[in-house]
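The structure appears below as structure tokens.
Please treat every number below as a calculation from the coordinates, not as lab data. Everything numeric here is computed off the predicted structure, so don't read it as measured data. When we count neighbours, we look across all protein chains shown, and the Cβ atoms used for this are built from the backbone with ideal geometry, even at glycine.
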Amino acid sequence: MTAPLPISLHVNGERVDAQVLPRVNLADFLREQLKLTGTHVGCEHGVCGACTVRVDGEIVRSCLMLAVQTQGASVETIEGLSDSGEIADLQAAFRDRNALQCGFCTPGMLIAAQDLLKQEAEPDRERIREHLAGNYCRCTGYQAIIDAVEVTAQARRGQKP
Amino acid sequence: MSSSPANKQTLSELDRPNSYIGKVVPRPNLERLMQGRGLYVSDMELPRMAHVVFVRSPHAHAKIISIDASAAKRMPSVTAVVTGEELASVITPWIGVLSHLKGLKSAPQSAIAIDRVCWQGEAVAAVVASSRAAAEDAAEAVAVQYKELEAVTDMRTALDPQTPVIHPSLGDNLAFERNLDAGAVDAAFAGSDEIVEADFVFGRHTGVTLEPRAVVADWNAAEARLTIYQGTQAPHMVQNLAALHLGLEESQVRVVCKDVGGSFGIKVHIYADEMATYALSKLLRRPIKFVADRVESFNTDIHARDHRCKGRIGVKRDGTIMAFEIDDLTGIGPYSMYPRTSAIEANQVVNLIGGPYATKNYRARARVVYQNKNVMCQYRAVGHPIACSVTEGLVDLAAAKIGLDPVEIRRRNLIADDAYPCASPSGLRFELLSHHAAMNKLMTMMNYDGLRAEQAVLRKKKIHRGIGIASFIEVTNPSAAFYGVGGAKISSQDGVAVRLDAQGAVICQTSITEQGQGSESLTAQIVGSVLGVSMGRVRVILGDTDQTPYGGGTWASRGAGIGGEAALQAAKILRKNILDVAAAILQSSPSELDIANNAVVNATDGAPRIELRELARIVYFRPDTLPPGVQPELMATRHFVPREYPFAFTNGVQASWLEVDTDTGFVKLLKHWVVEDCGTLINPQLVDEQIRGGVVQGLGAALFEKCIYDERGQLTNANMADYLVPMSGEMPDIDVGHVVSPTLESELGAKGAGEAGTAGAAAAVANAVNDALKPFSATITEIPLTPQVILTALKRI
């Protein structure tokens with residue numbers, strides 16, 4: 001263990017200056033220091049996807065990234081994506097399709113799904129299943145989630161000229 | 001049945017134009033979960049809260065020679081290091097037995113091991129520090145000296161005379177044995193044209209809730225009161241047991257259950273480390289938080305299944321099933337789990353084998369043995385997947401032997417839809433099931449004949465696809481027959497309190513709990529429907545022993561059927577009370593009035609008379625304007641428990657369509673169908689999603705999930721990279737259909753649906769794999785169906 005290091009970054013658009021121990025991962029930093037508890041910790045070894053957040057536009061497993069690595073970065077969590085309205089349509093589709101039960105995987109699932117929808121306009125079900133294959137959900141059996149993402153993709157295409 | 005006339009009357013009430021019953025409406029609690037604004041126990045922090053980390057045994061069976069915590073205690077931020085012996089001053093041990101499971105025996109279990117550890121992962125010391133990281137650092141500095149003892153790991157030799165007895169005081173390693181002999185089994189086998197036998201093997205697996213078990217225990221010494229924040233399915237059960245073992249009155253314990261990150265039966269038990277956390281809070285006089293990490297979850301969350309079951313079926317050439325016989329063996333770890341015991345699963349297997357079929361001839365033996373592995377206990381669909389896989393596997397083998405189509409043999413043997421009420425050879429009483437209607441519906445949904453034709457064409461191209469069918473029954477709505485009669489203080493009744501608030505909205509407190517099934521939604525749907533109040537104006541409170549009526553909680557597919565009925569009855573009383581007040585205010589009579597769209601209206605033409613908001617204003621703020629003698633009661637409470645039938649059985653049938661790659665042994669699931677009958681559907685979408693989620697847990701068991709122990713009792717795959725769970729990429733789409741046979745035991749008519757998916761999914765997949773492998777004359781009766789298992793059966797490896 002060594003002494004805390006200063007970091008400076010943006011979280012959900014807000015400037016954050018903090019002292020962090022070098023060993024603290026991003027998930028614990030968000031949850032314990034910034035109290036952003038929407039980022040969930042399921043396995044702590046990069047398999048379950050519950051801790052998925054966006055760092056400089058890319059989705060990452062925040063349990064596999066050290067907080068000190070986010071120096072100068074822009075981190076976005078489920079709280080930020082919800083407040084900005086960026087995923088409001090996706091969330092509405094999840095609600096209409098009951099694409100969550102216990103909800104513990106949902107923040108990570110939404111962020112991973114939004115990542116796909118930003119990259120691809122017309123993902124088919126197979127592609128959606130593939131993109132979300134790193135996010136574990138024990139409750140739903142996935143079908144409702146796939147449906148919700150598919151419906152959102154279709155709706156977004158419809159909105160385009 | 002006596003409730004039949006009332007049933008009709010209420011169904012019409014629930015069928016009113018604005019009823020939410022049978023409708024797809026979004027769950028009220030989704031928004032906070034989707035925005036990351038839920039409150040799971042793992043999110044909680046309290047002032048002065050410290051974190052506990054447990055030092056856990058690396059050995060499956062060992063004597064604890066010494067524990068040296070001196071170095072750990074000197075480390076930064078460490079509050080205390082507590083051993084089992086030290087903790088025993090505040091908490092008593094327990095024994096996981098129930099009196100109705102005759103002969104079940106177990107040994108006293110302590111919150112933290114004393115003198116000896118009996119499985120790899122058992123806690124030997126607690127390290128409390130200001131942060132979890134600091135506690136983990138210190139845990140590494142606790143020096144424990146062990147003397148390793150011989151570990152009992154193989155259930156097949158656990159009862160051999162040369163095998164060490166884990167608990168000498170018990171005399172042997174046999175926890176429980178049940179024998180059943182119904183009908184004339186020997187004569188039935190003697191009269192059979194063919195007899196088929198098989199050994200069925202089920203992997204040990206576990207629930208893998210995405211949020212691990214988590215507790216914050218807060219002993220307030222000044223109030224002499226313990227508040228337990230825990231992700232539990234049964235808050236009143238936790239209250240009872242925490243009080244009992246800490247020497248408190250139940251009134252001194254409050255259990256609060258906020259959002260729960262998955263349960264599936266994993267969180268319906270009391271774990272030793274949870275008991276230790278309550279005790280540490282009392283001992284150290286401050287809030288203590290315990291959140292299991294993933295490795296601890298694999299090593300200490302209850303495991304399930306792990307059965308070896310010999311099965312035998314006798315059949316006539318015309319397809320008549322003459323008899324079933326089984327000999328089941330299961331290893332449950334070193335203790336029977338508390339308080340529900342670890343004999344229930346084997347007991348259920350005995351109860352359920354052959355359940356869908358008409359034969360009366362059935363013999364069974366089940367033995368439950370101790371071993372030095374993690375504890376086993378009830379996980380979603382307790383016993384059902386074993387019973388269904390054995391039964392349906394045997395039926396398919398029998399069909400193959402006499403050259404009958406798998407669907408046809410079932411049609412000739414499933415209990416007739418007009419044969420109810422009736423009972424099974426094991427004594428299960430069926431009120432009304434619909435096996436044939438369900439099978440007919442399934443055939444249409446899946447286009448069975450078309451699939452068979454497609455299968456034949458593909459087989460010529462060396463593409464090996466299979467169809468697997470599995471009929472099943474499911475135990476739901478359990479009465480006191482499950483646990484109460486055995487002496488456990490686990491309530492089988494539930495209560496709901498409903499009140500009209502001062503603005504005419506409704507507040508509803510229920511003793512069932514929510515872990516994502518939709519308890520909150522179904523309660524609001526029922527209450528809103530009966531009261532004529534829009535769902536947005538119904539607020540549901542659950543998961544708090546200080547705030548809700550007393551009840552069992554949510555497990556064993558009981559929330560909708562039991563808690564839902566209590567909600568219905570409470571709302572009916574409140575409705576009557578509201579109409580009485582309205583009649584007094586309006587100088588009308590209650591029979592001339594109704595409630596719709598948040599207002600009292602004329603029963604005849606629906607014309608609005610007074611809004612509930614206005615009625616509430618008068619009642620709460622201007623009671624002086626009410627006629628003399630009128631004392632409104634705008635709160636009503638009702639409880640419910642089934643009394644006529646010990647369990648409300650449901651039924652259904654599943655089908656799997658899959659492809660086996662005979663070169664690699666990989667199975668690709670192409671499609672899955674379920675038809676089930678849970679009686680009244682309160683919210684069809686929620687039912688379907690329960691079914692789908694349940695199916696996928698069953699598919700995990702069928703193909704991937706297994707806790708792999710070595711011969712020394714070491715769990716070798718205790719992480720999510722090595723223990724495989726179903727992910728979205730491998731899962732098929734699942735079509736769900738329904739037959740509706742309401743139970744007449746309640747006015748609501750709802751039975752449970754939470755476990756039907758898990759009950760039959762693995763059986764359908766196993767039968768489909770065997771169907772696909774027919775050209776190779778390979779039969780597999782083992783799950784998970786890993787590539788290794790399949791290639792071995794194909795003699796490719």
>> How tilted is helix A:143-159 with respect to the longest principal axis of chain A? Cα atoms for both, answer in degrees (0 to 90, nearest 10).
In response: 80
>> Please compute the average number of Cβ atoms from other chains found within 10 Å of each residue's Cβ in peptide A:125-137.
In response: 4
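Below 8 Å, C-alpha to C-alpha, sequence gap of six or more: please give me the relative contact order for the stretch A:87-159 in percent.
46
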> How high is the relative contact order of chain B, given as a whole-number percent (alpha carbon pairs under 8 Å, six or more residues apart)?
Replying inline: 16
>> Could you tell me the center-to-center distance, by alpha carbons, between the stretch B:70-127 and the stretch B:541-599 in angstrom?
In response: 44
> Which percent of Cα-Cα pairs in the stretch B:505-648 sits in each 10 Å bin, short to long?
Replying inline: 12, 39, 29, 17, 4
>> Order B:464-470, B:543-549 from most to least packed using the mean count of other Cβ atoms within 10 Å.
In response: B:464-470, B:543-549
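Can you give the Rg/Rh ratio of the stretch B:211-299, where Rg is from the C-alpha atoms and Rh is the Kirkwood radius?
That ratio is 0.95, to two decimals.
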>> Taking the Kirkwood radius as the inverse of the mean 1/r across Cα pairs, report the Rg/Rh of the stretch A:5-81.
In response: 0.91
>> Which of B:S77, B:S389, B:S529, B:S492 has the fewest other C-beta atoms within 10 Å, and how do the rest follow up to the most?
In response: B:S77, B:S492, B:S529, B:S389
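Calculate the mean, over all residues of peptide A:91-100, of how many other protein chain Cβ atoms lie within 10 angstrom of the residue's Cβ. Walk me through the numbers before you get to the answer.
Details: counts 4, 3, 0, 4, 6, 4, 4, 14, 3, 7.
Shielding by partners across A:91-100 averages 5.
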>> Using C-alpha positions alone, give me the convex hull volume of the stretch B:130-283 per residue in cubic angstrom.
In response: 245
> What list of ³J(HN,Hα) couplings, whole Hz, do you get for the stretch B:274-291 from phi and the Karplus terms 6.51, -1.76, 1.60, once you set θ to phi - 60° and write x for glycine and proline?
Replying inline: 6, 4, 4, 5, 4, 5, 4, 4, 5, 5, 9, 6, 7, x, 10, 10, 10, 10
> What FRET efficiency would be calculated for the residue pair A:E120, B:K671, taking the C-beta separation as r and a Förster radius of 22 Å, to the nearest 0.05?
Replying inline: 0.30
> If one computes the Cα centroid of the stretch A:131-161 and of the stretch B:638-695, what distance in Å separates the two points?
Replying inline: 23
> Can you work out ³J(HN,Hα) from phi for every residue in the stretch B:627-633, in order, using Karplus 6.51 cos²θ - 1.76 cosθ + 1.60 and θ = phi - 60°, giving whole Hz and x for Gly and Pro?
Replying inline: x, x, x, 8, 10, x, 10
> Equivalent-ellipsoid semi-axes (√(5λ), Cα gyration tensor) for chain B, whole Å, largest first?
Replying inline: 43, 39, 22
> Sorted by packing (mean other beta-carbon atoms within 10 Å per residue), highest first, where do B:243-256, B:757-770 land?
Replying inline: B:757-770, B:243-256
> Hey, what's the per residue convex hull volume over the C-alpha atoms of the stretch A:87-159, in cubic angstrom?
Replying inline: 74
>> Rounded to two decimals, what is the ratio between the C-alpha radius of gyration of the stretch B:484-525 and 2.2 N^0.38 Å?
In response: 1.52
> Can you give the Rg to Rh ratio of the protein assembly as shown, both from alpha-carbon atoms, with Rh computed by the Kirkwood formula?
Replying inline: 0.97
> Amide H of B:V255: which non-local residues (sequence gap of 5 or more, or other chain) have their own amide H closer than 5 Å, using H built in the peptide plane?
Replying inline: B:I228, B:T545, B:D546
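Residues with beta-carbon under 14 Å from that of B:L586, excluding B:L586: net charge, scoring Lys, Arg +1 and Asp, Glu -1?
For residues surrounding B:L586, the net value is -4.
Compute the signed sum of charges (Lys and Arg +1, Asp and Glu -1) over the other residues within less than 11 Å, Cβ to Cβ, of B:I469.
Details: positive: B:R410, B:R411; negative: B:E392, B:D396, B:D405, B:E408, B:D771.
With Lys, Arg at +1 and Asp, Glu at -1, the neighbours total -3.
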> Across every pair of different alpha-carbon atoms, what Kirkwood hydrodynamic radius in Å does the stretch B:6-163 reach?
Replying inline: 20.5
> Long-range amide H contacts for B:N29: which residues qualify at under 5 Å (H placed 1.01 Å from N, peptide plane, sequence gap of 5 or more or a different chain)?
Replying inline: none
> Taking only the alpha carbons of the stretch A:34-161, what extent do you get along each of the three principal axes, in Å, biggest first?
Replying inline: 41, 34, 24
>> Can you list residues from other chains, or at least 5 along the same chain, whose modelled amide H is less than 5 Å from the amide H of B:A80?
In response: B:V128
>> In Å and on Cα atoms, what radius of gyration and Dmax does the stretch B:363-484 show?
In response: 18.3, 58
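Taking every residue in B:27-33, how many Cβ atoms of other protein chains lie within 10 Å of its Cβ, on average?
Mean partner shielding for this stretch: 5.
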> Of the peptides B:270-278, B:532-540, how do they stack up when ordered by the mean number of other Cβ atoms within 10 Å, highest first?
Replying inline: B:270-278, B:532-540
> Got a sec to turn the phi values of the stretch B:85-97 into Karplus ³J(HN,Hα) couplings, 6.51 cos²θ - 1.76 cosθ + 1.60 with θ = phi - 60°, whole Hz, x for Gly and Pro?
Replying inline: 4, 5, 6, 4, 6, 10, 9, 8, x, 9, 10, x, 10
> Is the shape of the stretch B:580-620 best called rounded, prolate or oblate, per the rule: a/c under 1.5 gives rounded, else a/b larger than b/c gives prolate, else oblate, with a ≥ b ≥ c the square roots of the Cα gyration tensor eigenvalues?
Replying inline: oblate
> Once the principal axes of the Cα atoms of the stretch B:283-400 are found, what is the range along each, listed largest first in whole angstroms?
Replying inline: 71, 22, 22
> In a solvent-free Debye calculation with one equal scatterer on each Cα, what is log10 I(q)/I(0) for the stretch B:492-563 at q = 0.12, 0.28 Å⁻¹, listed in the order of the q values?
Replying inline: -0.28, -1.31
>> Based on alpha-carbon centroids, what's the gap between the stretch A:1-54 and the stretch B:298-354 in Å, whole number please?
In response: 46
